[in-house]
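Everything below concerns the one structure shown next.
The values are calculated or read from the model by the stated rules, or taken from the named source; none is laboratory data. Note that the structure is predicted; figures quoted are calculated from it, not measured. Cβ placement follows ideal geometry from the backbone for every residue including glycine, while neighbour counts extend to all protein chains displayed.
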Amino acid sequence: MLTFFTTAKAFIGHSDVIQRNALRSWALLHPDVEIIVFGDDAGASEVCKELGLRHEPHVERKANGTKSVRSIFRRVQEIARHERVCYSNCDIVLTDDFRRAVERVVGWQEKFLAIGRRWDLDVTAAVNFSDLDWQRTLRERARREGFQRLYYNIDYFVFNRGLYQAIPDLVIGRNWWDQWLVWRAGAAGVPVIDVSDVVCAVHQNHDYSYHPQGMTGVWYDEATQENFRQSGGWGYLHTMEDAQWRLTATGVVSNRWWGLAPLRRRARRVFGAARLFARTRVWHPFLDRTRTLRQTLGLRQGALGALRRRRGVRRHWLDQ
């Protein structure tokens with residue numbers, strides 16, 4: 001059916017809970033699923049033995065401990081039992097809607113790259129997989145309590161072995177490597193299909209304590225900047241907006257706006273720079289000068305922000 005491969009953090013505390021949830025959910029998708037865990041992180045060997053998974057402890061690492069994308073992707077394409085493989089981050093719980101989506105895409109096209117948006121959800125305990133209704137319950141929770149993230153949050157990739165041969169010196173656990181994978185498939189003429197409409201992939205929220213600077217460090221440290229340089233820059237970084245196709249409840253349809261994705265990226269960069277200028281040079285000085293008046297009138301910046309959010313689409317705070 002499919003070979004899953006991933007790399008994990010140490011199986012300690014909350015990371016142990018959510019990573020076990022993810023691995024077990026993949027194993028339940030089909031009797032013929034193969035799962036390979038890369039890396040010698042604490043507890044990985046023991047968990048693989050316990051759950052009957054394949055463990056590949058050797059992974060090339062940088063001096064800062066980050067793992068090489070090239071090392072993992074090259075090795076899995078050599079050893080996977082199945083023709084199609086799926087890289088997923090080890091905090092993503094997948095249910096039978098993912099399996100059905102893959103089967104439908106396989107029936108539509110022999111070679112492809114399937115990707116999708118995730119749903120962020122707070123999960124603090126082990127999923128009760130003995131509950132026959134666990135999949136529906138989790139999906140309903142995600143849609144009710146969680147947030148579907150935007151086009152740039154890419155946590156799983158389904159593709160045919162052999163697609164990724166010459167991979168730059170990128171590392172997992174920082175930004176940009178995932179977006180380079182999307183670009184590479186499109187540049188190779190492989191159809192890229194967004195399955196977000198029919199797959200509720202549940203990302204179990206976690207902290208970023210594995211990095212000394214937390215989330216900010218993951219997004220902006222030297223390893224992330226090096227990923228950007230190694231990828232080639234903006235022209236080699238694609239997201240789900242660049243997918244030529246979408247899988248819907250009625251079948252595969254053309255994503256007619258995918259050709260505008262580069263223009264959207266440029267516009268966002270220009271808008272982002274303008275917004276930063278307006279915030280630091282106009283808005284913040286205005287707030288400083290009107291603070292006394294606003295306090296007299298009972299106006300608070302937080303109240304204005306809440307009003308703005310009520311008028312818009314319900315989104316994760318990082319996607320505002």
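Side notes on the structure shown:
- Boolean, Arg75 is closer than 23 Å to Leu247 by Cα, of a type in the set (D, E, K, R) and at pLDDT 95 or above: no
- Set side by side, the residues Thr280, Thr239, Thr248, Thr290 differ, and just one is out of contact with any strand residue (DSSP E or B) (no Cβ under 8 Å at 6 or more places or on another chain), loosely packed, with under 11 Cβ neighbours inside 10 Å, modelled with pLDDT of 70 or more and among the polar types (S, T, N, Q), which is Thr280.
- The numbered conditions (1) part of a loop (DSSP other than H, G, I, E, B); (2) within 19 Å of the chain's Cα centre (by Cα); (3) polar (S, T, N, Q) are all true for Gln179 except (1).
- The residue that is nearest to Val202 (Cα to Cα), among those in region 55-91 that are in a loop (DSSP other than H, G, I, E, B) and of a type in the set (Val, Ile, Thr), is Thr66.
- Residue among Trp245, Trp234 that is closer than 25 Å to Phe98 by Cβ, under 19 Å from the mean Cα position of the chain (by Cα) and not basic (Lys, Arg): Trp245
- Just one of the listed residues (His211, His206) is surrounded by 14 or more Cβ atoms within 10 Å (Cβ to Cβ), of a type outside the set (A, V, I, L, M), assigned by TED's automatic domain parsing to the domain that holds Arg136 and within 16 Å of the chain's Cα centre (by Cα), namely His206.
- Cβ pairs under 6 Å, 6+ apart, first in region 36-53 and under 19 Å from Phe129 (Cα atoms), second at pLDDT 95 or above and in a loop (DSSP other than H, G, I, E, B): Val47/Phe11
- Checking Glu46 against (1) under 18 Å from Val17 (Cα atoms); (2) among the acidic types (Asp, Glu); (3) assigned to a loop (DSSP other than H, G, I, E, B), the condition it does not meet: (3)
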